[in-house]
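Report on one structure; see the data block that follows.
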Amino acid sequence: MTNFKQIAMKKSIAILVLGLCMACNTATKKESAATESQATTTKTKKEGAKPMKSGDYSTLLINYSCDMDIPELAKVLQVLEADLSLSEYQTPGKCTFNLNGFGKNRLGGGTRLYWGPFPSSKGQNRKEIANYLKYKKEGTQFMGMDIALAETGDCYLAYQPAQGRMIIYNENYDQAFLINYDKKNANTDRTEEQHEALRLKMTDLANYLLKKHRK
């Protein structure tokens, strides 16, 4: 009889332990599911987050017309006025200048600078910014591409040095803004130092234009 009670007690303990294990597994699964759900929600919120607050750049990103002359541009780029001239190839809604002192184009003339808005979309701008930031965070650079927050704090400057251009992105507009300073290729004798100096001057130009047009 005593043995029977002992056996019954052992069985009861075993059942109790098994029940506790099952309860722990269930709690762990629920906790894991809750964590995954929270992570998914956070990710969804992040992906669906509103664009950053922005100033009004309508006169730059929508209705732009070249509003710079040689004296103003020379001051922004910190070059001599004599090194700048209007390009013979003018396009409505864009600025086009020739700049001497940063290598010569073997086809004739110095560096052709031009800038103006081009069609995009809010979604595309947001996607481009996200991709640039992702690569920057990962330390991945493709042909020197990089991104930086503009001095106004509501636009991004995307660098494409291999193409000799910079793009201003704003998540609140269906257009972007291109600044081109010619790529370094077989048709130019521009040095790497000159090419980098131009990239920095185009950064100054981009920040100047944003500050000038921000309302």
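The values are calculated or read from the model by the stated rules, or taken from the named source; none is laboratory data. Since the model is a prediction, treat every value here as computed from it, not as a measurement. All Cβ positions, glycine included, derive from the backbone under ideal geometry; neighbour counts span all protein chains shown. Heavy atoms of the whole protein, side chains included, go into the accessibility calculation; ligands, DNA and RNA do not. Shrake-Rupley method; radii C 1.70, N 1.55, O 1.52, S 1.80 Å.
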Could you give the length gained on full extension between ASP174 and LEU149, defined as 0.36 nm per residue of separation minus the Cα-Cα distance, in nm? 7.1 nm
Surface accessible to a 1.4 Å probe, SER85 within the full protein complex, Å²: 50 Å²
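Leaving out ligands and nucleic acids, and using a 1.4 Å probe, what accessible area per residue does the range 144-215 come to in Å²? Don't skip to the end; give the middle numbers.
Values: 2940 Å² over 72 residues.
In whole numbers, the range 144-215 has 41 Å² accessible per residue.
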Accessible-area order for PHE97, PHE142, PHE102, largest to smallest, probe 1.4 angstrom, reads PHE142, PHE102, PHE97
Among MET166, THR91, VAL79, whose Cα lies farthest out toward the positive end of the dipole of the range 57-195, if unit charges sit on the beta carbon of Lys, Arg (+1) and Asp, Glu (-1)? MET166
Given H placed 1.01 Å from N in the peptide plane, which residues other than close sequence neighbours of LEU113 have an amide H under 5 Å from its amide H? PHE97, ASN98, LEU99
Order LEU133, LEU209, LEU80, most accessible first, counting only protein heavy atoms with a 1.4 angstrom probe. LEU80, LEU133, LEU209
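In terms of the Cα gyration tensor, with a ≥ b ≥ c the square roots of its eigenvalues, is the range 57-195 rounded because a/c is under 1.5, prolate because a/b exceeds b/c, or oblate? Mind dumping the intermediate values first?
Working: a/c = 2.07, a/b = 1.31, b/c = 1.59.
In terms of gyration-tensor shape, oblate.
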Report, to the nearest whole %, how much of the accessible area of the range 57-195 belongs to carbon and sulfur atoms, 1.4 Å probe, protein only. 51 percent
Sequence order, the range 191-202: Karplus ³J(HN,Hα) from phi using 6.51 cos²θ - 1.76 cosθ + 1.60, θ = phi - 60°, Hz rounded, Gly and Pro as x, gives 7, 4, 5, 5, 5, 5, 4, 5, 4, 5, 5, 5
To the nearest 20 debye, the range 126-212 has a Cα-centred charge dipole, built from +1 on Lys and Arg Cβ and -1 on Asp and Glu Cβ, of 120 debye
What net charge is computed for the residues neighbouring GLU193, neighbours being all others with C-beta under 13 Å from the C-beta of GLU193, Lys and Arg scored +1, Asp and Glu -1? +1
Quick one: Karplus J couplings for the range 121-128, per residue in order, coefficients 6.51, -1.76, 1.60, θ = phi - 60°, nearest Hz, x for Gly and Pro? 7, 4, x, 5, 4, 5, 5, 5
Could you rank GLU72, GLU88, GLU151, GLU196 by how accessible they are, 1.4 Å probe, largest area first? GLU88, GLU151, GLU196, GLU72
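For the range 57-195, what number of Lys pairs, 8 or more residues apart or on separate chains, have alpha-carbon atoms under 18 Å from each other? Write out the running numbers ahead of the final one.
Working: LYS104/LYS183; LYS104/LYS184; LYS127/LYS136; LYS127/LYS137.
Eligible lysine pairs with Cα atoms under 18 Å apart amount to 4.
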